[in-house]
Each structure stands twice: as structure tokens, then as C-alpha cells.
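Please treat every number below as a calculation from the coordinates, not as lab data. None of these values were measured; they are calculated from a predicted model. Neighbour counts run over all protein chains shown; Cβ positions are idealised from the backbone, glycine included.
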Amino acid sequence: MSERNPYARFLDGRPLTAILRSTPTGIAKLLKAMDPATLAVSPAPGKWSVAEILCHLADCEMVFGFRLRQTLAEDAPTIQPFDQDKWAATYRGIDARRALDVYAALRGWNLMLIQAALPVAANRPVNHPERGALTFQTLVEIMAGHDLNHLGQLKKLAEKTPAA
């Protein structure tokens, strides 16, 4: 699983749908504990701000949703990778809470699909040009690990930037 899922090390044994369901709420709680003036500030050169991480999560949720639907609708489709840093070049000026709202809405929509599709569709094949053969289940595992990775980053940033 780890070669196919670069985020496997973040998975903590909880059911995947529990992770996917709880992440938007967990992020919202962290944002409430942070000084709004710091949300758009990069913590270090070349590092994303809280707002940029949330924009990235919203973009990824859109991509994951398409990939999940493509996997269900087509026979062994090849999914398109994307350059997250090039996408991130468009994030400047987007409000963190607005990005969270988009992410949470897309997550709710994707979670309904995942819950309806699993376990029947778990082994539906999909090909990723960089990671090779995956399954619908692997995509869900990647989503959950990706969540936990960025949730950890946000927790560290929240510790450094408490509310004003």
C-alpha cells in the first residue's frame, strides 16, 4: 500500500470514512483557535500559509472527486496527475475560511459517493501514471492519509499562531 499511497504512514487505524468525515470539522476548530491575521502568512520561505493549505485541500477534494467518479464510471481509467505547486500559484488572496467552506462542501459530496460505493467498488481498478495500478479503495486511503498529513501541518501552525 505505501508505494501506491505516499500518505499511508499517516493512517492511524481509524476507519477511513471516520477520518474523511472528521477532517473538515477538525480544521474548523483549529481555525477558530488561530489569529485571523496570520492565516495568509507563510510560516517560512517556500512554505504554504494556512490559507494556501486550505486552498490546496479544496483543489485536491475536487480532483479526488473526479478520480473517484471516473473509477466508478469507466473500466480501468488512467487518471491525470497535476502539479500542486503550479496550482498553488493561484491561491494568493483567497480567504482561509472560504477555502474551508469549499473543501467541506466537496468533502460532504464525495463522502456520500464513497459510502454508497464501498465495499462493492473497493477493487475497481484505476491507473495513475506515476504510481501505477490503484483501486477505488486505494484512492480513499490516499484521501484519508492526505487529510492527516495536512491536519498535522495545520496543528503545528496553530500551536505557533494562537488567536489574538
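Among all the lysines, which ones have a C-alpha under 16 Å from Lys47's C-alpha, if same-chain residues fewer than 8 places away are not counted?
Lys86, Lys155, Lys156, Lys160
What ranking of Met34, Met143, Met112, Met62 emerges when the number of other C-beta atoms within 10 Å of each C-beta is taken as an exposure proxy, fewest first? Kindly include the intermediate steps, with their values, before the conclusion.
Values: Met34 20, Met143 26, Met112 10, Met62 15.
In order of increasing Cβ crowding within 10 Å: Met112, Met62, Met34, Met143.
Tell me whether the range 1-58 comes out rounded, prolate or oblate; compute the Cα gyration tensor, take square roots of the eigenvalues as a ≥ b ≥ c, and use a/c under 1.5 as the rounded threshold.
oblate
When the chain is treated as a GNM, springs tying every alpha-carbon pair under 10 Å, which of Asp59, Asp75, Asp95 comes out with the largest mean-square fluctuation?
Asp75
Kindly express, to the nearest 10 degrees and within the range 0 to 90, the angle between helix 16-32's C-alpha long axis and the longest C-alpha principal axis of the chain.
Once rounded, the angle reads 10 degrees.
In Å³ and rounded to a whole number, note down the convex hull volume per residue for the Cα atoms of the range 43-164.
Values: hull volume 14.1 nm³, N = 122.
Considering the Cα atoms of the range 43-164, their hull volume per residue is 115 Å³.
For the chain, which longest stretch is free of loop sites, where a loop site is one of the trypsin sites (Lys or Arg not before Pro) that DSSP puts outside H, G, I, E and B and that has at most 16 other Cβ atoms within 10 Å? Could you put the intermediate results ahead of the total?
Working: sites that count: Arg4, Lys47, Arg92, Arg131.
Formally, the longest exposed-site-free interval is 48-91.
Would you please classify the overall shape of the range 115-157 from the alpha carbon gyration tensor, given that a ≥ b ≥ c denote the square roots of the eigenvalues, rounded means a/c under 1.5, and beyond that prolate means a/b larger than b/c while oblate covers the rest? Don't skip to the end; give the middle numbers.
Values: a/c = 5.39, a/b = 1.72, b/c = 3.13.
It is oblate, given that a/c is not under 1.5 and a/b is not larger than b/c.
With loop defined by DSSP as not H, G, I, E or B, and exposure as at most 16 other Cβ atoms within 10 Å, which is the longest segment of the chain clear of exposed GluC sites (Glu not before Pro)? Walk me through the numbers before you get to the answer.
Working: sites that count: Glu3, Glu74, Glu130.
Longest gap between qualifying sites, sites excluded: 4-73.
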